[in-house]
Amino acid sequence: MASDAVNSLASRLSALEPKQDGAAAAEKAAESPAEAPQAQEEQTEEPSLPQASSLLENLSHEVQVTLADQQADPNSPLFSAKSFEDLNLHPDLLKGVYKMGFQKPSKIQEKALPLLLQNPPRNMIGQSQSGTGKTAAFALTMLSRIDMDLKVPQAICIAPSRELAMQILSVVQKMGQYTPVECFFAGKDSWQRGMPKLTQQIVIGTPGTMIDMVTKGRVLDLKEVKVFVLDEADNMLETGSMADQSISLKNLITKMAKKPQIVLFSATFADIVRTFAERFAPGANEIRLKQEELSLDAIKQFFMDCDNEGHKYLVLVELYNLLTIGQSIIFVKRRDTADEIARRMTAEGHKVVSLHGKLETAERDAVMESFRDGKTKVLITTNVIARGIDVSQVNMVVNYDLPLDAQGRPDPETYLHRIGRTGRFGRQGVSINFVHDRRSFEHMEAIRAALGKPIVRVDTSDFEQMEKTLKAALKS
Ligand SMILES: Nc1ncnc2c1ncn2[C@@H]1O[C@H](COP(=O)(O)OP(=O)(O)OP(=O)(O)O)[C@@H](O)[C@H]1O
């Protein structure tokens, strides 16, 4: 990691020292835009239905558990739940889980839930590949820990994008449908100064809005918070103003509430972020993946050699002419590229939409809803929804532009999250990278080397062969 990145994390680390005054830090963070910067978006340049039970068998990866209590044996059945009944959940919660069609816990749920639900509560840093059920693990934790009779916020969950926060809210509401729980979505436009203090027990949103609701609006009271969850935690702790806001919120919560349980989840934790995460969630139980287990084998990775930037668009259109794909997401670097491709493909009769941070919130919500409902088949987007978004019918992801970090270096973490929008919960998926010159080829090679999984070349001059290869990958 470059020294500038190390320095920046180190300075944020010092913001976690006990001497830090939560309110002062919050004020500082409040100087940044009210809404979180939405997952590494820049102004114009943007760097970086089968049965559930049969799908579960596809998720066979192992996870490594490190318990904060050195005396405890992580292999003990006490720390593993083979069924949801083993977890002693409230019957109304169990009913919600089954109503969602979950029959057995996935590996991460099996390992994480007993640790998350233990008393006294312990912090958790949990890692598991994309689409393996992390949301249910922390949603059940929040729902289990709150006192339903107490009408004040008791669980806070933050995520890097509006879309992801809304998705988490919907999972919590479904899971808690047989309980009297009330939830609040903390996003831009969802609150005003002068409104009464929140009485909802679970508050889910983006960190900038939460900070504003606490410090500017004084409508979010943190005194009774028992659980603080960061989804996509590595991103939340690493990215500029979003990291400042997450740290400030944590300082406010730990200052006002009595020993809240801090829960961090992501599919990726680069070493330097993990060190920081361990300071953020002290004494945490940890569940981690080995580097070679980061990417899922169910996602077949390909690349297409294009002649130049302009040729990329022609290959993309050919790809969509040939394949009647379920649903797909095309990732580009810049917002204007997303709009331009959407405009051209629409003119050629394809049903596509673009989504990025420049759209109004109402437009963003409408675009996402139509994609979730399957009304639009192709979503062209930036890194804004690279993480967390769960639309199970997505069976293809195209990296029209490869993901680069803020310094213009290949970004394997974002790549993993992007391709993880397909292959959800053991399903098959295909990801296709477009390369068009030596530089983009080198970027892809660096990502391939970091993840250690093959990326197979598809011949762009032989469309018949291209169709066969991709169809076979989706069937296998
Ligand atoms: N035990 C289960 N049984 C069946 N389906 C499940 C189970 N747990 C989760 N799922 C489903 O698996 C899908 C992926 O789950 P989720 O979105 O929580 O993944 P994730 O691990 O958070 O992924 P990401 O890293 O991309 O955020 C969801 O559609 C969810 O409903």
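Rule-based calculations on the coordinates, nothing more; no lab input. Since the model is a prediction, treat every value here as computed from it, not as a measurement. Cβ coordinates were reconstructed from backbone atoms using ideal geometry, including for glycine residues, and neighbour counts include every protein chain displayed.
Using only alpha carbon positions, build the gyration tensor of segment 292-473, then give the equivalent ellipsoid semi-axes as the square roots of 5 times its eigenvalues, largest first, whole angstrom.
Numbers: eigenvalues 98, 69, 61 Å².
So the equivalent ellipsoid measures 22, 19, 17 Å along its semi-axes.
Restricting things to alpha carbons, tell me how big segment 212-323 is in terms of Rg and Dmax, in Å.
For segment 212-323, the Cα-based Rg and Dmax read 20.8, 60 Å.
So what J values fall out for segment 166-180 if you push phi through Karplus, 6.51 cos²θ - 1.76 cosθ + 1.60 with θ = phi - 60°, rounded to Hz, Gly and Pro as x?
Karplus values, whole Hz, x for Gly and Pro: 5, 5, 4, 4, 5, 5, 4, 5, 5, 5, x, 5, 9, 10, x.
What list do you get for Glu348, Glu286 if you sort them by fewest beta carbons within 10 Å? If you can, show how the numbers build up before the last one.
Values: Glu348 10, Glu286 23.
The most exposed by this proxy come first: Glu348, Glu286.
Rounded to two decimals, what is Rg over Rh for segment 61-287 when you use alpha-carbon atoms and the Kirkwood radius?
Expressed as Rg/Rh, it is 0.94.
With the cut-off at 22 Å, tell me which of the pairs Lys104/Lys290; Lys99/Lys188; Lys174/Lys197; Lys453/Lys475; Lys104/Lys174 have Cα atoms farther apart than that.
Beyond 22 Å: Lys104/Lys290; Lys99/Lys188; Lys174/Lys197.
How big is the dipole moment of segment 61-287 about its Cα centre under a simple scheme where the beta carbon of each Lys and Arg is +1, that of each Asp and Glu is -1, and everything else is neutral? Debye, nearest 20, please.
Numbers: 25 positive and 23 negative charges, 123 e Å.
Dipole magnitude for segment 61-287 comes out near 580 debye.
Measuring from centroid to centroid over Cα atoms, what is the spacing of segment 118-175 and segment 253-299 in Å?
Segment 118-175 and segment 253-299 have Cα centres spaced 14 Å from each other.
Sort Glu110, Glu293 by Cβ crowding within 10 Å, fewest neighbours at the top.
Details: Glu110 21, Glu293 17.
So the residues, fewest neighbours to most, are Glu293, Glu110.
Sorting Lys226, Lys290 on the 10 Å Cβ count, fewest up front, what's the list?
Lys290, Lys226
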